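To keep things clear, I will list the structure first and then write my remarks on it.
The values are calculated or read from the model by the stated rules, or taken from the named source; none is laboratory data. The shown structure was predicted, so the numbers you read here are calculated from the model rather than taken from an experiment. Here the Cβ positions follow ideal geometry from the backbone for every residue, glycine too, while neighbour counts run over all protein chains shown.
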């Protein structure tokens with residue numbers, strides 16, 4: 001007679017990694033005079049390409065998703081990421097300049113409810129600084145233009161539940 005221990009396969013949910021990207025350095029003002037029309041400076045384009053190269057090394061493109069603010073400078077930053085990761089960005093109005101930390105949290109939670117992939121979000125301060133700080137369980141953190149912060153969540157995406165795993169910023173020539 002054989003005895004043994006019965007086992008069941010248990011699959012823990014994959015952690016979710018979120019890459020929070022603040023757009024590259026932008027023009028001081030657009031010819032239209034509208035903040036939403038401000039584009040990236042030449043240096044901002046360099047920052048965007050550098051962030052894209054970092055993401056290419058850090059992510060599995062087939063297992064990634066890209067959400068971006070509809071504001072021009074964020075879309076331009078995301079274009080470099082799209083090219084590097086061979087992804088198509090999804091415009092998300094709740095990542096625009098006039099939004100709150102709770103809007104960013106809602107977007108990320110909705111994504112995580114259906115997906116267990118890396119998520120890249122591209123947008124703006126002050127709500128990105130507030131989002132990162134809230135996820136780490138503290139007040140707003142400083143995010144400069146062209147900077148990316150990596151957050152890892154073991155399961156649910158809730159304030160105070162993130163573990164940071166990196167900060168990336170191109171310092172230039």
Pick from segment 15-65, criterion in a helix (DSSP H, G or I) and in contact with a strand residue (DSSP E or B) (Cβ under 7 Å, 6 or more places away or on another chain), ranking: surrounded by the fewest Cβ atoms within 10 Å (Cβ to Cβ): 63
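Would you confirm, using the coordinates I've provided, whether residue 98 is within 25 Å of residue 37 (Cβ to Cβ) and assigned to a helix (DSSP H, G or I)?
no
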Residue count for segment 42-53, restricted to those that are touching a residue at least 12 places away in the same chain (Cβ under 8 Å) and out of contact with any helix residue (DSSP H, G or I) (no Cβ under 9 Å at 6 or more places or on another chain): 2
Flag if residue 119 is assigned to a loop (DSSP other than H, G, I, E, B), in contact with a strand residue (DSSP E or B) (Cβ under 6 Å, 6 or more places away or on another chain) and under 16 Å from residue 19 (Cα atoms): no
Test: residue in segment 111-128 that is in contact with a helix residue (DSSP H, G or I) (Cβ under 8 Å, 6 or more places away or on another chain) and over 20 Å from residue 54 (Cβ atoms): yes
Residues satisfying the stated conditions in segment 143-165, i.e. within 19 Å of residue 77 (Cα to Cα) and surrounded by fewer than 15 Cβ atoms within 10 Å (Cβ to Cβ): 144
Segment 76-88, subset under 23 Å from residue 114 (Cα atoms) and within 15 Å of the chain's Cα centre (by Cα), residue surrounded by the fewest Cβ atoms within 10 Å (Cβ to Cβ): 88
Residue check for residue 73: in a loop (DSSP other than H, G, I, E, B) and either modelled with pLDDT under 95 or surrounded by 21 or more Cβ atoms within 10 Å (Cβ to Cβ) (or both): no
Per-region count, segment 130-173, residues part of a loop (DSSP other than H, G, I, E, B), in contact with a helix residue (DSSP H, G or I) (Cβ under 6 Å, 6 or more places away or on another chain) and closer than 23 Å to residue 51 by Cα: 5
